[in-house]
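Notes for the one structure printed next.
Each value in this text was obtained by applying a stated rule to the coordinates, not by laboratory testing. Remember, it's a predicted structure, so these values are computed and weren't measured experimentally. In this analysis, Cβ positions are derived from the backbone assuming ideal geometry, glycine residues included, and neighbour counts consider all displayed protein chains.
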Amino acid sequence: MSDNKKQTAEETRNKLLEYRSSIDNIDAALIYMLAERFKITQKVGFYKAKHKLPPADKSREKEQIARLRKLSEDAQLDPDFSEKFLDFIIKEVIHHHKKIRGGEK
């Protein structure tokens, strides 16, 4: 392999490692942000249980979806993807709220 091709292959590998390192950092930040979000939603679940409020709030969910779709558009992220992601999170939160409330499934 010539020096030019060897250098190019090495540069390519290094650039890929650089990108992957950034992705790893972002993934770590996402996990910590999700953990913080779920700590707060757990508090909401206990609050709802204490005040006999339903685990789900369809009105709030619709507002959140509309808000995050707009944020996604502004950030040039596929709003459909964002909605699916939020829907998954909402389902998990409601599941946790039902468990907090008393074992509802």
**Fill in**
With only helices counted (DSSP H, runs n ≥ 4, each -39500 (n - 2.57)), the per-residue ellipticity at 222 nm for the chain, to the nearest 500, works out to -30500 deg cm²/dmol
**Prompt:** Under a straight-distance cross-link criterion of Cα-Cα below 19 Å, which lysines are reachable from residue 5, leaving out those fewer than 8 residues away in the same chain?
**Reply:** 15
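Only Lys, Arg, Asp and Glu count, each charged at its Cβ (+1, +1, -1, -1), so figure out the dipole size of the chain about its Cα centre, rounded to 20 debye. Don't skip to the answer; put the middle values down first.
On the way: 23 positive and 18 negative charges, 187 e Å.
With only Lys, Arg, Asp and Glu charged at Cβ, the dipole is about 900 debye.
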**Fill in**
Ranked by GNM mean-square fluctuation in the chain (Cα springs under 10 Å), the top entry among 67, 13, 37 is 13
**Message:** Please arrange 91, 98 by how many other C-beta atoms lie within 10 Å of their C-beta, fewest to most.
**Reply:** 91, 98
**Sorted by Cβ density within 10 Å, fewest first, the residues 8, 41** = 8, 41
**Item:** For segment 45-62, 3J(HN,Hα) per residue [Karplus equation, 6.51 cos²θ - 1.76 cosθ + 1.60, θ = phi - 60°, Hz, x = Gly/Pro]
**Value:** x, 5, 5, 4, 4, 4, 9, 6, 8, x, x, 9, 9, 4, 5, 4, 4, 4
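Let me know the Kirkwood hydrodynamic radius for segment 8-81, please, with Cα pairs as the basis and the value in Å to one decimal.
The answer is 15.8 Å.
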**Prompt:** On full extension of the chain, what length is gained from residue 96 through residue 83, given 0.36 nm per residue of separation minus the C-alpha to C-alpha distance?
**Reply:** 2.7 nm
